Amino acid sequence: MSEPLLVIGNGMAAAKLCEELTRRALGRHAVAVIGAEPHLAYNRVLLSEVLAGHMTAAEAEMKPAAWWRERGVTLQYGTPAAAIDRAARDVILADGRRLPFGKLVLATGSHPIRLPLPGMDLPGVHTFRDLDDVEALLAAAAVPGTRAVVIGGGLLGIEAAAGLAGAGVENRLVHLQDRLMERQLDVAAGAFLKRAVEAKGIEVLLGAASEAIEGDTRVTGLRLKDGRVIPADILVVACGVTPNADLARAAGLDVKRGIVVDDTLAASDPDIFAIGECAEHRGMTYGLVAPAYEQAGVLARRLAGEDARYEGSVVSTNLKVSGVPVFSAGDVTGGPGTEDIVLTDRGLGVYRRLIVKDGRLAGAVLFGDTADGLFYLDLITSRTPIAAMRTELAFGRDAVAAAA
């Protein structure tokens, strides 16, 4: 008899787990997925494309409904999980139903951060995290002359601003730090990205601290700490996320910033696991897709009976930010004991910085041409000595292979 396996969360991590699990251990578990949103699992990375009108919400789906049916996965979406009864081995849904489990996987993702600013509860203030947010922004964008301000110059904020620009909304991007995507990019790459974002008609304000959201019955603007007031009809807060560990915490599981898991991805209850943005492994939480997929692969192997272990991920970002290829991996901060190899072509809009430490590649930042990103990531993760290839390294895999 198949063991009941419940997955709470119907996002990218859960979809990847089900894909890996049904490929490795079809029939071993009776898999059911519980999702709070009334949608099939979709690719959150594509939300800006949906907002800009470049694709439909259906086109952003990870898998069609038939895929789940054919693999025997039961989908329970549109009714969130309300509690975990660990003693009874049940998950209680918001409508009162109880679903039994033998094994439970928490893939609950993250909550969007809402800043503690006056006016945050005014109508017209939005987050940018799910399809409901996109639908609300599309409704606002449909009003002619709508002006927007986006707070946050990380990936989420840039994508929100780009999506609004694609929808025809005049908008400004306000960021507290001295460059965009400061966690992934250095100063030079951040400057390249700023120019690319501004080329889309988005004004970028750096070093700008938000003080309050102006308005009485709804948003009229954003006041900065330097006294400036930026007029706006809608305001999007896209300042990052925090792990959604609410159910785990209420169930008495070990939670710090996220749900604490060991190398088997088990929580403090050996029959409960966590993957993706909600999980904390060796003190690290990851807000990117690649680590979530790595965790899903390891957990699927364990649930299939293999002795797989998750040892952590090298943080890398390989994506298109507003249509511009950007790649970042490893330690991009540099510092004592490191050396830089830099290739810059302002005319082509290409920038490469490779950070070397102890004769090995420690980090890489690429802008405009990311074709060699995975090559550099492999050098970082494998800790391959680079002395023999150093002269050609900035020119990528083909140059290194030709020289060899």
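The values are calculated or read from the model by the stated rules, or taken from the named source; none is laboratory data. Here the structure is a predicted model, which means the values were calculated and not measured. Don't worry about glycine lacking a Cβ; one is built from the backbone with ideal geometry, like all the others, and counts go over all protein chains shown.
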- Where residue 159 falls short, out of the listed (1) more than 30 Å from residue 266 (Cα to Cα); (2) charged (D, E, K, R); (3) modelled with pLDDT of 95 or more: (3)
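Residues checked against (1) under 19 Å from residue 223 (Cβ atoms); (2) among the aliphatic types (A, V, I, L, M); (3) part of a loop (DSSP other than H, G, I, E, B); (4) over 23 Å from the mean Cα position of the chain (by Cα):
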{"site": "162", "(1), (2), (3), (4)": "no, yes, no, no"}
{"site": "165", "(1), (2), (3), (4)": "no, yes, no, no"}
{"site": "173", "(1), (2), (3), (4)": "yes, yes, no, no"}
{"site": "178", "(1), (2), (3), (4)": "no, no, yes, no"}
{"site": "181", "(1), (2), (3), (4)": "no, yes, yes, no"}
{"site": "184", "(1), (2), (3), (4)": "no, no, yes, no"}
{"site": "188", "(1), (2), (3), (4)": "no, yes, no, yes"}
{"site": "192", "(1), (2), (3), (4)": "no, no, no, no"}
{"site": "196", "(1), (2), (3), (4)": "no, yes, no, no"}
- Task: Inspect all residues belonging to segment 67-76 and state whether any of them is more than 21 Å from residue 19 (Cα to Cα) and outside the structural domain of residue 154 (by TED's automatic domain parsing).
- Result: no
- Being β-branched (Val, Ile, Thr) and either buried (at least 24 other Cβ atoms within 10 Å of the Cβ) or closer than 26 Å to residue 285 by Cα (or both) is the filter here, so list the residues in segment 1-49 that pass it. 7, 8, 31, 33, 34, 45
- Conditions (1) surrounded by fewer than 23 Cβ atoms within 10 Å (Cβ to Cβ); (2) within 25 Å of residue 246 (Cα to Cα) -> residue 109 fails only (1)
- Task: Hey, can you tell me all the residues within segment 44-95 that are assigned to a loop (DSSP other than H, G, I, E, B) and closer than 26 Å to residue 24 by Cα?
- Result: 62, 63, 64, 71, 72, 73, 89
- Task: Quick one: residue 333 ticks every box in (1) polar (S, T, N, Q); (2) surrounded by fewer than 19 Cβ atoms within 10 Å (Cβ to Cβ); (3) touching a Phe, Trp or Tyr at 6+ places or on another chain (Cβ under 8 Å) except a single one, so which number is it?
- Result: (3)
- Item | Which numbered condition residue 345 fails, given (1) among the acidic types (Asp, Glu); (2) buried (at least 20 other Cβ atoms within 10 Å of the Cβ); (3) more than 30 Å from residue 19 (Cα to Cα) | (2)
